[in-house]
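The structure under discussion appears below in the form of structure tokens.
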Amino acid sequence: MIRALLTIDDVSSKNTTAIVDYLEKKNIPVLMFMVGQWAENYPDQLVYALKHGIIVGNHSYTHPAFSQISFDECKKEIDKNEEVLNSFYEKAGVERKYRPFRFPYGDKGGVNKEKIQEYLAEKKFDKVKDTQFKYPWWKEKGLDKDIDTLWTFDLAEYNIRPGSGFTTADVMKRIHDPEPAEGAALLKEESDHLILLHAHDETEELAPRYYELFIEELLKNGVSFVAPEFI
Ligand SMILES: [Zn+2]
């Protein structure tokens, strides 16, 4: 069996509602990560996701590369987004039980890496369960110790942009790649994954309902989606 936790970044957006509806229809659990500044543009979509029982984590307020800003700015990005996320939970009338965090671009903060991890621990962010990952690089890179939520497989569909030459066929190729340059091969029997996908209206413009296309491909190839767990 191939087990995977689906994570969707950069909510909310126009297409967040349709994504929630599709996942609900297919009975696929998901963990979403919110950028506060963008969610403020699409507040109803975020409230909709929360009301439908989706756990939404912190993905910073303005989505900067954390290695390019000061430690103080990193803390502000995290704290401000916590405030916004808490107010969305309140608006939705949903109790916030878990508080996972994901860095924009998976950028762990460069020289401030350790300080930020300490800060995440101090602020009691929840670590997504990763003890099932048997990839040697997961431990070698210290990812088993980090509080933030990285991924083992990046669909990279955000590369589908005007003029990029990157299409849905390239995403399909990645899905079937037995030896990816980064991360773990997805369709390997008895493997566990954290899959990265995004809620991007820009992707939707070039590839309508792209999430459906990719998720159907995963289902067809034996991936079974698991609910988020925390340690
Ligand atoms: Zn992001």
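In region 1-56, the residue that is nearest to His198 (Cα to Cα) out of those that are among the aromatic types (Phe, Trp, Tyr) and within 16 Å of the chain's Cα centre (by Cα) is Phe33.
When His200 is tested against (1) open to solvent by less than 50 Å² (accessible area, probe 1.4 Å); (2) more than 16 Å from the ligand (Cβ to nearest atom); (3) not β-branched (Val, Ile, Thr), just one condition goes unmet, and that condition is (2). Of all residues assigned to region 163-179, at least one qualifies as being within 14 Å of Ala4 (Cα to Cα) and open to solvent by less than 80 Å² (accessible area, probe 1.4 Å).
When Ile215, Ile195 are checked against the criterion of being in a helix (DSSP H, G or I), out of contact with any helix residue (DSSP H, G or I) (no Cβ under 6 Å at 6 or more places or on another chain), surrounded by 14 or more Cβ atoms within 10 Å (Cβ to Cβ) and not basic (Lys, Arg), Ile215 stands alone in meeting it. Considering region 1-108, there are no qualifying strands (runs of 3 or more DSSP E) wholly inside with 3 or more residues that are open to solvent by 40 Å² or more (accessible area, probe 1.4 Å) and within 12 Å of the ligand (Cβ to nearest atom).
For region 110-149, a residue qualifies if it is part of a loop (DSSP other than H, G, I, E, B) and either over 23 Å from Ala184 (Cα atoms) or over 20 Å from the mean Cα position of the chain (by Cα) (or both), and the qualifying residues are Lys123, Lys124, Phe125, Asp126, Lys134.
Would you mind stating whether Gly93 is among the small types (Gly, Ala, Ser) and within 19 Å of the chain's Cα centre (by Cα)?
Values: among the small types (Gly, Ala, Ser): yes; within 19 Å of the chain's Cα centre (by Cα): no.
For Gly93, the condition - among the small types (Gly, Ala, Ser) and within 19 Å of the chain's Cα centre (by Cα) - is not met.
All conditions in (1) of a type outside the set (S, T, N, Q); (2) open to solvent by less than 30 Å² (accessible area, probe 1.4 Å); (3) more than 16 Å from Ile8 (Cα to Cα) hold for Asp148, with the sole exception of (3).
The values are calculated or read from the model by the stated rules, or taken from the named source; none is laboratory data. Everything numeric here is computed off the predicted structure, so don't read it as measured data. Using ideal geometry, Cβ is built from the backbone for each residue, glycine included, and neighbour counts are taken over all protein chains shown. Quick note on the areas: whole protein, heavy atoms, side chains included, nothing else; ligands and nucleic acids left out. Shrake-Rupley method; radii C 1.70, N 1.55, O 1.52, S 1.80 Å.
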